[in-house]
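Note sheet for the following structure.
The values are calculated or read from the model by the stated rules, or taken from the named source; none is laboratory data. Quantities reported herein were computed from a predicted structural model and do not represent experimental measurements. We place every Cβ from the backbone using ideal geometry, glycine too, and count neighbours over all the protein chains shown.
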Amino acid sequence: MNEILSQVFSAGTFTQMLRSATPVALAAMGGSMTEHAGIMNIGMDGMILMGAFFGVFGSYLFTSAWGGVGLVLLMGLLVGLFFALFVVKFRSDEFIIGCALNTFALGLTTYLSRSVFGTSGAKGFPSLPTVDLPLLDKIPFLGAVLNGHSLFVYLTWLFVLVLWVFIYKTPYGFWLRASGEKPETLRTAGIEPEKMKWLASILCGVLCALAGAHLSLGYLNGTFAENMSNSRGYIAFACVIFGAANPAKAYLAALMFGFFDAIGLRLQDYVSSDLTGIIPYAITIIMMVYVVVNAQRRRAFSVHADGLTILPEMCYTTENTTSRRQLCSRAFLKKASPSRPTTATPRRSSRPLRPLPSFRASPPSTPSSSASAAQRWRSVASSG
């Protein structure tokens, strides 16, 4: 047992985690862009596969891995334009276009690979060099984990920061989010939401193609095999959903996938490889179930106050203001103890009510009438 734990939590496991997470994270960055633009891009797996093939093909054609990266950038741009043409211009269903793109990419790369490299696939072509960061060699554990990766591993960290700033801290990021959430409002402001959707689709194509280039030129050292993306595009889509299209959260989700993928590789000496291979995909399913259950809980615990929908996480943040705290406390107190009706209904008695006696009101006496009555009595008395 101690031997297994030492294998699982060794520096090699975390090194493998970074390598496995990088293609998923790069694709998730592109998926976050299209998700904010209101496009569900299910075709990222095909984009990764085409980037992986054309990276090796460019390395073979130009006898340089950087030539392959240049060809990958061009191919990613064309694939992004192709996707945006049907989804944005022709307003086709993005789910159908994504599935068609995955099928087309699998057929095209299989045909070209067998035509150019034969049935055995492409192996041993120029790959991306590794990078050693200075001053990290002196740190015992951290240096072994962070050093010796391809350039795309470090570029992914930079992409996470740049895309987070772009989405949440720039006007273009605000327009991008508005194009998916309130396109008519954005159009009223004089900005075409279709332009932001085009931009998001093109960036997604480029980032997914770079993910494929890292997979074939960096992770597998100049090797291409049929269907080598192995559903990483779908896992990247799950990371986008799990991270709510936030680049930082999506990267953390990709790291979790990479960690369990590395554990599966480490446990192949003790457990069957068929069993360890399903570990990262089982974790992905658990992630999606968690997202669905959490969304249902948020809707179930939402309350309404002053015409607004108040969610629990809106009341427990560091940015609470006095008005927000008062609104939240009023809303949740109203839900915990609903107010009673202001007009109380009268209780009905089983005994019948007795009718009230009727009184005939006599007309009020006036001084003149009382004086005439006295005179009549005097006249009667004198006559008698």
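Hey, among MET287, MET228, MET256, which residue is buried (at least 16 other Cβ atoms within 10 Å of the Cβ) and out of contact with any helix residue (DSSP H, G or I) (no Cβ under 6 Å at 6 or more places or on another chain)?
MET256
Could you look through the range 126-147, keep only residues that are in contact with a Gly (Cβ under 9 Å, 6 or more places away or on another chain) and of a type in the set (S, T, N, Q), and pick out the one that is farthest from PHE53 (Cα to Cα)?
Taking the candidates together, the pick is THR130.
Exactly one condition in (1) touching a Leu at 6+ places or on another chain (Cβ under 8 Å); (2) surrounded by 18 or more Cβ atoms within 10 Å (Cβ to Cβ) is false for TYR251; which is it?
Checking TYR251 against (1) touching a Leu at 6+ places or on another chain (Cβ under 8 Å); (2) surrounded by 18 or more Cβ atoms within 10 Å (Cβ to Cβ), the one that fails is (1).
Could you list, in sequence order, the residues of the range 124-166 that are out of contact with any helix residue (DSSP H, G or I) (no Cβ under 9 Å at 6 or more places or on another chain) and in contact (Cβ under 8 Å) with a residue 60 or more places away in the chain?
Of everything in the range 124-166, just one residue is out of contact with any helix residue (DSSP H, G or I) (no Cβ under 9 Å at 6 or more places or on another chain) and in contact (Cβ under 8 Å) with a residue 60 or more places away in the chain, namely GLY124.
Quick one: which residue in PHE14, PHE53 is touching a strand residue (DSSP E or B) at 6+ places or on another chain (Cβ under 7 Å), more than 24 Å from LEU163 (Cα to Cα) and part of a helix (DSSP H, G or I)?
One residue alone meets the criteria, PHE53.
Would you be able to say whether some residue in the range 150-172 is more than 24 Å from the chain's Cα centre (by Cα) and more than 15 Å from MET50 (Cβ to Cβ)?
Yes, the range 150-172 contains a residue that is more than 24 Å from the chain's Cα centre (by Cα) and more than 15 Å from MET50 (Cβ to Cβ).
Name the residues in the range 174-188 that are surrounded by fewer than 21 Cβ atoms within 10 Å (Cβ to Cβ) and in contact (Cβ under 8 Å) with a residue 40 or more places away in the chain, would you?
Correct list: ARG177, GLY180, GLU181, PRO183.
So which residues in the range 58-84 are under 19 Å from CYS208 (Cβ atoms) and touching a strand residue (DSSP E or B) at 6+ places or on another chain (Cβ under 8 Å)?
If the condition is that a residue be under 19 Å from CYS208 (Cβ atoms) and touching a strand residue (DSSP E or B) at 6+ places or on another chain (Cβ under 8 Å), then no residue fits.
Would you mind finding the one in LEU199, LEU215 that is assigned to a helix (DSSP H, G or I) and closer than 30 Å to SER120 by Cβ?
The unique qualifying residue is LEU215.
Taking the range 32-46, which residues are surrounded by 23 or more Cβ atoms within 10 Å (Cβ to Cβ) and more than 13 Å from LEU176 (Cα to Cα)?
Residues satisfying the conditions are ASN41, GLY43, MET44, ASP45, GLY46.
Could you please give the count of residues in the range 58-99 that are buried (at least 19 other Cβ atoms within 10 Å of the Cβ) and under 16 Å from TYR219 (Cα atoms)?
5
For LEU112, indicate whether it is exposed (fewer than 15 other Cβ atoms within 10 Å of the Cβ) and either part of a helix (DSSP H, G or I) or assigned by TED's automatic domain parsing to the domain that holds GLY222 (or both).
no
Residues are listed down the side, and each one gets a yes or a no for (1) hydrophobic (A, V, I, L, M, F, W, C); (2) in contact with an Asp or Glu (Cβ under 8 Å, 6 or more places away or on another chain); (3) at positive phi; (4) not in a strand (DSSP E or B):
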site	(1), (2), (3), (4)
ALA84	yes, no, no, yes
GLY107	no, no, no, yes
GLY124	no, no, yes, yes
TYR154	no, no, no, yes
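For the range 244-271, how many residues meet the condition of being farther than 13 Å from PRO23 by Cα and of a type in the set (Ser, Thr, Tyr)?
Selection size over the range 244-271: 1.
If you check ILE263, ILE191, ILE241, which single one turns out to be free of Cβ contacts under 8 Å to residues at least 40 places away in the same chain, in the same structural domain as TRP175 (by TED's automatic domain parsing) and surrounded by fewer than 22 Cβ atoms within 10 Å (Cβ to Cβ)?
Working: ILE263 fails: free of Cβ contacts under 8 Å to residues at least 40 places away in the same chain; ILE241 fails: free of Cβ contacts under 8 Å to residues at least 40 places away in the same chain.
Just a single option satisfies the conditions, and that option is ILE191.
Considering only residues that are among the β-branched types (Val, Ile, Thr) and buried (at least 19 other Cβ atoms within 10 Å of the Cβ), which ones fall in the range 145-173?
VAL145, VAL153, THR156, VAL160, ILE167
Would you confirm, using the coordinates I've provided, whether ILE39 is of a type outside the set (Gly, Ala, Ser), free of Cβ contacts under 8 Å to residues at least 40 places away in the same chain and in the same structural domain as ALA236 (by TED's automatic domain parsing)?
Spelling it out, it is not the case that ILE39 is of a type outside the set (Gly, Ala, Ser), free of Cβ contacts under 8 Å to residues at least 40 places away in the same chain and in the same structural domain as ALA236 (by TED's automatic domain parsing).
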